[in-house]
Every structure is written in structure tokens, then in C-alpha cells.
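Down below is the structure, laid out as C-alpha cells.
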Amino acid sequence: MLRLYDSRLSGNSWKIRILLSQLGLAYERVTLDLQKGETREPAFGQISRFSRVPVLVLDDGRPIVESGAILLHLARGTPYLPDDPYLQAEVMSWLFFEQADLQKAIAIPRVLHLHGLAQERQQDIERLRVDGYAGLEKLDQWLRGRTWLVDTHYTVADLALSAYVSLADQGGYDMTRFAGIRDWLVRVRAQRGWVPLTPEAGQASES
Ligand SMILES: N[C@@H](CCC(=O)N[C@@H](CS)C(=O)NCC(=O)O)C(=O)O
């Protein structure tokens with residue numbers, strides 16, 4: 001059976017749980033405690049060369065690290081990744097953009113807020129938000145007048161981008177100015193098999 005190493009609040013791990021659910025794939029979930037430093041345990045280092053979650057361990061025991069690589073591996077041959085090479089490249093370009101321009105700029109302010117460190121790290125947060133807002137602006141522009149990021153269907157590009165973008169307000173981002181993103185997030189959440197980050201978030205509004 002597939003095994004997913006994740007953590008409770010990791011947006012990168014959440015992406016994988018969404019796709020596994022959408023594909024109807026059974027898996028064993030191993031949830032690490034990042035605050036206890038469990039990703040830095042030597043035994044976990046044998047599984048994840050970067051000592052980070054998520055990691056997906058395949059049926060034959062081989063691990064895949066990096067959320068984008070895991071998504072592409074799982075999505076191959078399914079409606080979540082187009083067969084056309086150009087459209088596949090378009091999906092990948094969004095995955096790279098998310099990692100380079102958005103992920104840290106959203107994730108770090110969010111973690112600092114969640115851990116009560118926002119005040120003492122305010123300068124770092126403001127610097128990251130400059131990059132984050134620039135990335136969000138580009139995403140919002142692209143989405144105005146479009147339903148999905150690539151072609152005419154929901155793909156792993158929409159899945160991957162929406163995870164941290166939907167959590168940006170937890171890091172102090174003002175998302176009210178991004179109408180294109182707001183409407184797109186509603187469409188993403190309505191996709192069959194979509195799951196919230198945590199069971200609690202499924203009960204209350206998570207955005
Ligand atoms: N580029 C990686 C980022 C993974 C990542 O940053 N994982 C975080 C949780 S979201 C982590 O494991 N942090 C633990 C640590 O760095 O010690 C991906 O997309 O999978």
C-alpha cells in the first residue's frame with residue numbers, strides 16, 4: 001500500500017492528500033510532528049533525502065520527495081494531468097512558479113503567525129509579503145476571465161496552487177483584493193474528492 005509521510009498543518013502534504021482522495025487511492029498516513037523535530041530524525045532522513053514532508057513511499061518501497069514530483073507521478077494517465085506535452089509543460093510551469101514565487105512567501109509568514117512569532121519577525125514577514133503579493137497579483141491576473149489555470153479542466157496545477165494560496169490569510173495577507181483568486185478557490189473546493197486541510201477546517205470556513 002502507498003504510504004504518505006506528512007504533518008498536520010503542512011500545505012505541501014495537504015496537496016497530496018487531496019489528490020489521493022480525488023483518485024480514490026488507499027494509503028497509510030504517517031503524520032510527523034515538525035515542532036518536535038521528527039523530520040530531522042536520522043531514520044526519516046533515510047526516507048526523505050531533504051528531511052522534509054511530504055514523502056510518498058510506493059508499493060515497492062521507493063520514496064518520492066517534493067510535492068510537485070509526487071503530484072505529477074500520481075496524476076500521470078489520469079484526468080488531472082493532460083496527455084498533450086505542451087499542456088503538461090504548462091502544468092509544470094505553474095508548479096515551478098508556485099514553489100519559486102509563492103510557497104515560501106506564504107508558508108513562512110503563516111507558520112510565524114501560527115506559532116505566535118509574527119511580532120518579533122515582522123520585518124522578515126514584510127519582506128516575504130512583497131514577493132508574495134507580486135506572485136498573487138500575477139496569479140489573479142491570469143485567472144480573471146479563465147476558469148482553470150491550464151486549458152479547460154481542473155488539473156494538478158489548480159490543486160497545487162490553491163493549497164497555500166487558500167492559506168495566505170493565515171499569514172496576514174489581505175486576499176480581498178484578489179477577486180479572480182477568490183472565485184477560482186470556490187471552484188477548486190467544489191471538485192469531487194477535495195478534502196480540507198484538517199477535519200476541523202472542514203466544519204468551519206477555512207479560508
Ligand atoms: N519543496 C518542498 C517543500 C517541503 C517542505 O517545506 N516541507 C515542510 C513542511 S510544509 C517541512 O517538512 N519542514 C520541516 C523542516 O524543514 O524541518 C515540497 O514541495 O515538498
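The values are calculated or read from the model by the stated rules, or taken from the named source; none is laboratory data. Everything quoted here is computed from the prediction, not taken from an experiment. Methodologically, a virtual Cβ is constructed for each residue, glycine included, from the backbone with ideal geometry; neighbour enumeration extends over all protein chains shown. The protein model used for the area step is the full one, side chains on, heavy atoms only, and it has no ligands, DNA or RNA in it. Shrake-Rupley method; radii C 1.70, N 1.55, O 1.52, S 1.80 Å.
Points to keep in mind about this one:
- Taking residues in segment 67-91 that are within 16 Å of the ligand (Cβ to nearest atom), and partners anywhere that are open to solvent by 50 Å² or more (accessible area, probe 1.4 Å), the pairs with Cβ atoms closer than 7 Å and at least 6 places apart or on different chains are GLY68/GLN99.
- Within segment 1-31, if we keep just the residues that are within 15 Å of the ligand (Cβ to nearest atom) and assigned to a loop (DSSP other than H, G, I, E, B), the residue that is surrounded by the most Cβ atoms within 10 Å (Cβ to Cβ) turns out to be SER10.
- Tallying residues that are in contact with a strand residue (DSSP E or B) (Cβ under 6 Å, 6 or more places away or on another chain) and open to solvent by 70 Å² or more (accessible area, probe 1.4 Å) within segment 32-48 yields 1.
- Some residue of segment 33-55 being free of Cβ contacts under 8 Å to residues at least 60 places away in the same chain, assigned to a strand (DSSP E or B), within 15 Å of the ligand (Cβ to nearest atom) and under 29 Å from HIS153 (Cα atoms): yes
- Restricting segment 92-121 to residues that are under 14 Å from VAL156 (Cα atoms) and not hydrophobic (A, V, I, L, M, F, W, C), the residue that is least open to solvent (accessible area, probe 1.4 Å): GLU98
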